[in-house]
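Here the structure comes first, spelled out in structure tokens, and everything after it is commentary.
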Amino acid sequence: MNANKADPVNDKHVAADGSGGEAAQPKWSNLPTVSFRKLQRKTLGQILVESEALSEEQLNEALEKQAESTAKLGEILVEQEVVSEEDVLRALAYQLDLPYYARLPTNDIDPTLVDSIPIQFCRDHKILPVAKDDFNVTVAVADPLNVFPLDDLRLILSTNINMIVSPPAVIENSINRVYERSNDASQKVLEDLNAPEIGEGDDLEETRDLLESTDDEKPIIRLVNGLLARAAKERASDIHIEPYENEIMVRFRIDGALQDKMQIPRRHASTLATRIKIIGKLNIAEKRIPQDGRISFRVAGKDIDVRLSVLPTSHGERIVMRLLDKSSGAKRLEDMGLDPEIMSKWVNLIEQSHGIVLVTGPTGSGKTTLLYASLMHINTTDINIVTIEDPVEYQLAGVGQVEVKEKIGLTFMEGLRSILRQDPDVIMIGEIRDGETAGIAIQSSMTGHLVFSTLHTNDTATTVTRFLDLGIQPFQVSTAVLGIMATRLIRRLCPSCREAYDPIDGELLLMGMTRESLAGRKIFRAGDGCEECNGLGYKGRMGIHELMILDDDIRDVLLLSQDSNKIKKKALEKGMKTLRDSAIGKVLGGMTSLEEAMANTQTDDLR
């Protein structure tokens, strides 16, 4: 389609910029009242041809196909990939004299508009009330020709209905966000929490969306559901529920930083812990020892998996829930933020036929995500990939994944022994925790297998000495290990409110730069915060990486001396970029702040 096509739809109808520009959204109060009285005489096909979305020949072919079926013309054109769904909707809106919105200003929608409307009704019909005045409710629809749900909505709301048109994906996203605000139960139920008795039947349904919670549920159930829904909405990776002498503190970890979210009266500690243990299928009578469990739930159409940890403390049971969005799936290696030079070397490593490739870093540093992306990069029909993990975080198509179950004796070591009888080409071990697992991994790599795994160390050089601490001989490490990647996650500056500034001399020194070398580049820091980043100045995280290839020179140092400092010094002489180097690169690219880079990396005194 021609990007510069003429558009018969005037500005009155294209309420949001339909050409990809950044047109300002009009206020809801300015929405025009619309009806079917002023229908355009032109057909849908004629409008699309005039807008140069398709040719006369393509239209005639679609009309011939329509004559042989019961499908609508727009559906046929989209199915043939002649036009986009958005092209058809814009043309249809013009034909019916309706405003078209390529985007909806969701934050301006009053969530009380949907209080009496089930979320499933809106999802099924791709319909959402967006504005209200004294006489009408304006409703966004994805199919303006389907008037039956509008009739139902007119009865539910007891008012007149006006329409605007938006793409289905835009309406679906707005439905989730509006209902999230409408159902923030974690705040609503605090005042009526009376520690009700909980029965074993009060379980969390895995297939039910938490946004569908109702007011007749017990307050403690709505509180827990609200906490989970709110955490998913705010992109939290962890929920911390911490009992103290006079209160229960609830904190979310967002982009790596803990934030206070709520205080709950201390008297509800037992009830809250019991409810969470029930949905995590833990023993509610056992309060003396730690317990681990899992929870699965759905919120705003997303499937979330939760790792649950309960730890007894002097003031009650401390609970941490780690959230994993299963619907997002594993990332591609190209999306991991690897520098081009590191990317090229890493791909060469993971395409070897045998040896060990390691990823190291602290908990929550992106180790497993990087390994998943690497597995998917090399996953083809001619190789057999098997993993042993605790737990399995994402389902990978074409990969055999085994989950550790220590209660029945299925440990990393036992699982790995069985995997070797499955004729694997590539093995991924979720974590090397002991000498026996490390020994089997070494033996596997030396008998024709490519082994991926992780360790918890600070950098690449200390990973080598960690292997030695586990009882592996230096010659075995130098023979088997191909390379080691250290990774961290640092916060990304919010693009909407970041501020450019001139760094002081001390900051330039930390970056290893001069004002002359900085000429033409902008350095940014976190701003005061905005709606996009919830006032934090940062939004999302990205990886920084350090890759050490064990070449002959580094192997010689390893065999002569097991000192990690000497190993790292040789790697730096060979051109290895450290985590600090990677972080500074992100600063110079305007993606993060110098403060964030310094806080997450150590100064390298060896250079």
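The values are calculated or read from the model by the stated rules, or taken from the named source; none is laboratory data. Please read these numbers as outputs of a predicted model, since none were measured by experiment. As a convention, Cβ positions derive from the backbone with ideal geometry for all residues, glycine included, and neighbour counts pool all protein chains shown. For accessibility, only protein heavy atoms count, side chains too; no ligands or nucleic acids. Shrake-Rupley method; radii C 1.70, N 1.55, O 1.52, S 1.80 Å.
Overview of results
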read-out: Farthest toward positive dipole pole in the chain [+1 Lys/Arg, -1 Asp/Glu at C-beta], among Thr462, Tyr372, His545; value: Thr462
read-out: Shape call, the range 364-417: gyration tensor on alpha carbons, a/c limit 1.5; value: oblate
read-out: Among Ala500, Gln401, Gly74 - extreme Cα towards positive end, dipole of the chain, charges at beta-carbon; value: Ala500
read-out: Within-12-Å neighbourhood charge of Ala142 [Cβ basis; K, R +1; D, E -1]; value: -3
read-out: Segment Asp292-Asp335, extension gain: residue separation times 0.36 nm, minus the distance between their alpha carbons; value: 12.3 nm
read-out: Extension reserve of the Asp423-Thr381 stretch, reckoned as 0.36 nm per residue once the Cα distance is removed; value: 13.7 nm
read-out: Violating pairs (Cα-Cα greater than 32 angstrom) within the set Lys126/Lys522; Lys331/Lys566; Lys277/Lys326; Lys72/Lys326; Lys405/Lys568; Lys261/Lys586; value: Lys126/Lys522; Lys331/Lys566; Lys72/Lys326; Lys405/Lys568
read-out: Estimated distance in nm for a label pair at Ser561 and Thr447, the labels positioned 7 Å out from Cα along Cα-to-Cβ; value: 3.6
read-out: With Cα atoms, 0 to 90° folded angle of helix 460-469 axis to the chain main axis; value: 50
read-out: The range 243-382 pair-distance distribution - Cα-Cα, 5 Å bins, rounded %; value: 2, 8, 13, 16, 15, 12, 10, 9, 7, 5, 3, 1, 0
read-out: For the range 55-77 and the range 369-448, distance of Cα centres in Å; value: 51
read-out: Span per principal axis, largest first, for the Cα atoms of the range 405-470 (Å); value: 33, 31, 15
read-out: Candidate residues Leu223, Leu155: accessible-area rank, largest first, probe 1.4 Å; value: Leu155, Leu223
read-out: Three-way shape label, the chain, alpha-carbon gyration tensor, a/c 1.5; value: prolate
read-out: Binned Cα-Cα distance frequencies in the range 45-184 - 10 Å width, integer %; value: 11, 39, 29, 16, 5, 0
read-out: For the chain: accessible area per residue (Å², 1.4 Å); value: 48
read-out: Between 0 and 90°, nearest 10: helix 564-573 axis offset from the chain longest Cα axis; value: 60
read-out: Three-way shape call for the range 452-607 based on the alpha-carbon gyration tensor, with the a/c threshold at 1.5; value: prolate
read-out: Simple spin-label estimate for His456 and Ile408 in nanometres, 7 Å along Cα-Cβ; value: 2.6
read-out: Dipole of the range 85-189 [Lys/Arg +1, Asp/Glu -1 at C-beta], most positive-end residue of Val130, Leu98, Ser116; value: Ser116
read-out: Test item: Cα-centred dipole of the range 222-263, Lys/Arg +1 and Asp/Glu -1 on Cβ, debye; value: 300
read-out: 5 Å-binned pair-distance histogram of the range 259-339 (Cα, whole percent); value: 3, 12, 19, 18, 17, 12, 8, 5, 4, 2, 0
read-out: Cα-based Rg and Dmax for the range 221-274, where Dmax is the largest Cα-Cα distance (Å); value: 11.1, 31
read-out: Sorted peptide list for 73-83, 285-295, criterion being average Cβ within 10 angstrom, highest first; value: 73-83, 285-295
read-out: With DNA, RNA and ligands ignored, accessible area of Cys122 (1.4 Å probe; Å², nearest 10); value: 0
read-out: Counted charge near Gly316, where neighbours are those whose Cβ lies closer than 15 Å (Asp, Glu -1; Lys, Arg +1); value: +2
read-out: Listed residues Asp143, Asp382 arranged by accessible area, highest first, probe 1.4 Å; value: Asp382, Asp143
read-out: Share of carbon and sulfur in the accessible heavy-atom surface of the chain [1.4 Å probe, %]; value: 46
read-out: Rounded to the nearest 20 debye, dipole of the chain from Cβ charges on Lys, Arg, Asp, Glu; value: 1220
read-out: Förster radius 41 Å - calculated FRET efficiency between Asp134 and Glu531 (Cβ-Cβ, nearest 0.05); value: 0.90
